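See structure below.
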Amino acid sequence: MTTDEAGTLTGHDAALSRLRTQKAKIRYALEHLPRGCSVEDVRLWLHRQGQTVPSRPYATPIVNEWRARNGVEDTSGHIPLTPELIAELNGTERRSPPIPHRWRPRPPGPRASTR
């Protein structure tokens, strides 16, 4: 690649072209995607950048290792339950009015015949 060619590369193309391994490209993607992104988000981002897309079984342990090293939990898109959120939800639950029960269980014993 000549200097003129490198000058025309835009966005992440130049950085990704310098990376030699799929593992390095996956880590680069994780650094540039929102925290908590999924393995599929990484694969899609690499595809959109014109890179070879790693298989899910190959990418998953790399993504999990990066998450663990960077303190990112995998919540699969759900809001993590922090102690503060749990306390807030418990407070909301206590303030809710009780729901009237219309269903009454049958008393134990033999069933009445309808004949």
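Just so it is clear, none of the values below were taken in a lab; they were calculated from the coordinates. Bear in mind the structure is a predicted one, so any value in this text is a computation, not a measurement. Cβ coordinates were reconstructed from backbone atoms using ideal geometry, including for glycine residues, and neighbour counts include every protein chain displayed.
Beta carbons within 10 angstrom, averaged per residue: use that to sort the peptides 22-33, 44-55, highest first. Provide the component values of the computation, followed by the final result.
Working: 22-33: 18.3, 44-55: 14.8.
Answer by packing, highest mean first, reads 22-33, 44-55.
Given R0 = 25 Å, the distance between the Cβ atoms of Asp13 and Asp41 translates into a calculated FRET efficiency of 0.85.
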